[in-house]
Amino acid sequence: MSILATDTHYFEDKAQCVAVVFDWSDTLPKTVYKTTIEHIAPYEPGQFYKRELPCIMAVLEQVDLSCIEAIIVDGHVYTSDDGKPGLGAHLFRAINDSIPIIGVAKSFFRNNAQLTREVLRSESKKPLYVSAVGTPLDEVVNRIKNMPGCYRMPDMLKHLDQLTRETNK
């Protein structure tokens, strides 16, 4: 079983969504999937999933999900300790709770300390904020912390971000 991570880059009224398939110890993806979505929804504060979820679902149509043990999204699973769903929880529901979702975010949501863990990697003083649904959070924290890379962001997720942006040049 492999891991899938997805990220989306927005430009004009379009979005480029990229997904990479890898194993936890990989430094480069096994497979890369890309799709461009036109006429995306505008950003709504507090409703980010309305813009991002259709992009993720479009790229997932290309993937054999039976081979995926978890999906990493650039964002939060929950946005508050009372379980208000974030992008990750909405994705989990959209795929019928069939694959665990891991959220890796660069910013903290106020009132979200119980369902999110700070992860310091390498010598970085700035944490990543990790959350999960469908899998134990403490296991996920260790996986993210031990992914290859010497910086705050694991190499695979940094590479994914670069791939997402390169597709628009």
Exercise. Give me a count of the residues in segment 1-22 that are at pLDDT 95 or above and out of contact with any helix residue (DSSP H, G or I) (no Cβ under 9 Å at 6 or more places or on another chain).
Key: 0
Exercise. Report the residue count in segment 47-70 for those that are among the β-branched types (Val, Ile, Thr) and not in a helix (DSSP H, G or I).
Key: 2
Quiz prompt | Complete set of residues in segment 36-50 that are under 22 Å from residue 96 (Cα atoms) and either β-branched (Val, Ile, Thr) or free of Cβ contacts under 8 Å to residues at least 12 places away in the same chain (or both) | solution = 47, 50
Quiz item: If only one of 40, 72 is touching a strand residue (DSSP E or B) at 6+ places or on another chain (Cβ under 7 Å) and over 17 Å from residue 94 (Cα atoms), which one is it?
Solution: 40
Quiz item: Pick from segment 23-45 the residues that are among the charged types (D, E, K, R) and modelled with pLDDT of 95 or more: which of them is nearest to residue 57 (Cα to Cα)?
Solution: 34
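Which of the following residues is surrounded by 21 or more Cβ atoms within 10 Å (Cβ to Cβ) and either under 19 Å from residue 4 (Cβ atoms) or among the aromatic types (Phe, Trp, Tyr) (or both): 72, 68?
Of the residues listed, the single one that is surrounded by 21 or more Cβ atoms within 10 Å (Cβ to Cβ) and either under 19 Å from residue 4 (Cβ atoms) or among the aromatic types (Phe, Trp, Tyr) (or both) is 72.
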Quiz prompt | Filtered residues of segment 11-26 (kept if in a strand (DSSP E or B) and surrounded by fewer than 18 Cβ atoms within 10 Å (Cβ to Cβ)) | solution = 11, 14
Quiz item: Does segment 114-131 contain any residue that is in contact with a strand residue (DSSP E or B) (Cβ under 8 Å, 6 or more places away or on another chain), closer than 16 Å to residue 8 by Cα and buried (at least 19 other Cβ atoms within 10 Å of the Cβ)?
Solution: no
Quiz item: Within segment 129-160, which residues are of a type in the set (D, E, K, R) and in a helix (DSSP H, G or I)?
Solution: 138, 139, 143, 145, 155, 158
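Does segment 76-123 hold any residues that are assigned to a strand (DSSP E or B) and either touching a Pro at 6+ places or on another chain (Cβ under 7 Å) or at pLDDT below 95 (or both), and which are they? Write out each step before concluding.
Step one: filter segment 76-123 for residues assigned to a strand (DSSP E or B), giving 78, 85, 101-105, 117-119.
Hits for segment 76-123 are 78, 118, 119.
The values are calculated or read from the model by the stated rules, or taken from the named source; none is laboratory data. Treat the numbers as computed from the prediction; the structure is a model and nothing was measured. In this analysis, Cβ positions are derived from the backbone assuming ideal geometry, glycine residues included, and neighbour counts consider all displayed protein chains.
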